[in-house]
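Shown next, in structure tokens, is the structure this report addresses.
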């Protein structure tokens, strides 16, 4: 009987001990699972904001690089056309609203001389000679209207007519349609000019 009582006491103690250890383990598990604090919750949007700022900064750098590359390309094109246009060009034909008009006399030798220095274009017409300033930007060309010209009298009225026409034509030009080593074609709103390099 005494032994039986001892066994019961031992079993009871073991049960109490097991119960207490389960409670402790549950408390430990509960204590490890903690909810994020307000401070932690606040730091998440900041991280997102930093990521957005980083993306925007990278995008701005890429945009700036593209703009710089485009500007360099435009400068190279400008320099290329500006250099190719330099030289002496014989006027082969003039077109008006798409219809070609051959020059009356080859011996007039009307021509243009584009100079790199001072962006001046020398003009040799049927009677007189002169010069105007010009500007080339990519495929655009502008020949200024204010030109200096000699004032020799032409006995033949046809020469006077073609001289006036030539100045009209040149001031109308806005586009370089073709520009190579030997040929150049300019176009404007009304007139076009075909030229061949002579020097």
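For residue 186, state whether it is touching a residue at least 12 places away in the same chain (Cβ under 8 Å) and in contact with a strand residue (DSSP E or B) (Cβ under 7 Å, 6 or more places away or on another chain).
Considered against the rule, which asks whether it is touching a residue at least 12 places away in the same chain (Cβ under 8 Å) and in contact with a strand residue (DSSP E or B) (Cβ under 7 Å, 6 or more places away or on another chain), residue 186 comes out as yes.
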- Item | Residue count, the range 150-170 (criterion: in contact with a strand residue (DSSP E or B) (Cβ under 6 Å, 6 or more places away or on another chain) and in contact (Cβ under 8 Å) with a residue 24 or more places away in the chain) | 2
- Is there a residue in the range 101-109 that is surrounded by 11 or more Cβ atoms within 10 Å (Cβ to Cβ), in contact with a strand residue (DSSP E or B) (Cβ under 7 Å, 6 or more places away or on another chain) and at pLDDT 85 or above? yes
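The values are calculated or read from the model by the stated rules, or taken from the named source; none is laboratory data. Here the structure is a predicted model, which is why all the values come from computation and not from measurement. Note that each Cβ is placed from the backbone with ideal geometry, even for glycine, and that neighbours are counted across all protein chains shown.
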